[in-house]
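The values are calculated or read from the model by the stated rules, or taken from the named source; none is laboratory data. Computed from a prediction, not measured in an experiment: that's the story for all the values here. Don't worry about glycine lacking a Cβ; one is built from the backbone with ideal geometry, like all the others, and counts go over all protein chains shown. Quick note on the areas: whole protein, heavy atoms, side chains included, nothing else; ligands and nucleic acids left out. Shrake-Rupley method; radii C 1.70, N 1.55, O 1.52, S 1.80 Å.
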Amino acid sequence: MLRLHDTLRNSVEQVVPAGARALRMHIPASPDPLAYLLPDLVRRVAERQGLRVLARGDARELTAPLALNVHPFSPLPYAGEPVDLVFGDGGPDGRHRVVGGPLRFEGGEAAGSLLAEVAAAGIDPLAVRLAFLEHHYREPVNLTWDLLRSADRTVRRWRGRVARWAESPSAPIAAGRAAAVREALDDDLDTPRALRLVRELETDDSVAPGTCFETFLHLDHVLGLDLSSDIGKV
């Protein structure tokens, strides 16, 4: 079950009790699309565990930056409903509170115009998502053009590999590898460790291409990098 660092207790805590069927979150509205990357990652991990994720924010509708593969959150229907997880320092009381590290770009504020600048530079916006995942969410993240270009190359390489693997006979996922990635994500969203495991799978020639294909697509439900988008183009 997903465990996150709870700033209320200064310890890593399970976000919902055993047997819970839903995760109720409060997400503060923000003009910065990068602010939604952490809640979206939590949502994806929780949903893979069979939880229904409901959210409310400080605005009537939570803006979902689709360029970052963040889709609209299912609304929490009643204002008085208890909240399991509150993001950020403000907002209402909740059972747990999680605070991400500051996100900066080239040493300054990561402005809402970043995605437009990235697109104008010919970089896939999901390279921003990968660059975020390369850091632990509680650590400061200083995005740079070099970092984004490197992430862009990785996203494009993985999509190309998935497209080539798709031409091979299908095979079951590498269950042990997938379980190790899930364990890393459950452990306070250790995305750097999860990505190291993904890279190890990518370069392991002993794993059948069909298994790599199925495992990469399975993991992309959480990574959110659209790794299937080049299938049929290669």
Return the residues of segment 129-162 that are under 11 Å from Leu103 (Cα atoms) and in contact (Cβ under 8 Å) with a residue 60 or more places away in the chain; say none if nothing qualifies. Phe132, Tyr137, Arg138
How many residues of segment 177-234 are within 14 Å of the chain's Cα centre (by Cα) and modelled with pLDDT under 95? The answer is 0
Go through the residues of segment 207-229 one by one and say whether even a single one is more than 24 Å from Leu66 (Cα to Cα) and small (Gly, Ala, Ser). yes
Quick check: anything in segment 192-203 in contact (Cβ under 8 Å) with a residue 60 or more places away in the chain, of a type in the set (D, E, K, R) and open to solvent by 30 Å² or more (accessible area, probe 1.4 Å)? no
Given the structure, is Ala46 open to solvent by less than 20 Å² (accessible area, probe 1.4 Å) and not aromatic (Phe, Trp, Tyr)? yes
Of the conditions (1) open to solvent by 40 Å² or more (accessible area, probe 1.4 Å); (2) of a type in the set (A, V, I, L, M, F, W, C); (3) touching a strand residue (DSSP E or B) at 6+ places or on another chain (Cβ under 8 Å), Leu85 fails just one. Which one is it? (1)
Subset of segment 98-108, residues of a type in the set (D, E, K, R) and either under 21 Å from Val70 (Cβ atoms) or part of a helix (DSSP H, G or I) (or both), comes to Arg104
Residues of segment 18-28 being in contact with an Asp or Glu (Cβ under 9 Å, 6 or more places away or on another chain) and either among the polar types (S, T, N, Q) or farther than 16 Å from Arg48 by Cβ (or both), in sequence order, are Arg24, His26, Ile27, Pro28
Just a yes or no: is a residue in segment 62-78 crowded, with 17+ Cβ neighbours inside 10 Å, over 18 Å from the mean Cα position of the chain (by Cα), at pLDDT 85 or above and not aliphatic (A, V, I, L, M)? no
Could you grab me the full set of residues in segment 142-190 that are crowded, with 18+ Cβ neighbours inside 10 Å, over 17 Å from His221 (Cβ atoms) and β-branched (Val, Ile, Thr)? Thr154
Can you tell me which of (1) open to solvent by less than 30 Å² (accessible area, probe 1.4 Å); (2) in contact with a helix residue (DSSP H, G or I) (Cβ under 6 Å, 6 or more places away or on another chain) is the one Leu103 doesn't meet? (1)
Identity of the residue in segment 15-42, modelled with pLDDT under 90 and assigned to a helix (DSSP H, G or I), that ends up most open to solvent (accessible area, probe 1.4 Å): Ala35
Can you tell me which of Val12, Val53 is in a strand (DSSP E or B) and surrounded by fewer than 19 Cβ atoms within 10 Å (Cβ to Cβ)? Val12
Determine if segment 219-226 includes at least one residue that is under 27 Å from Gln49 (Cα atoms), open to solvent by 20 Å² or more (accessible area, probe 1.4 Å), touching a Phe, Trp or Tyr at 6+ places or on another chain (Cβ under 6 Å) and part of a helix (DSSP H, G or I). no
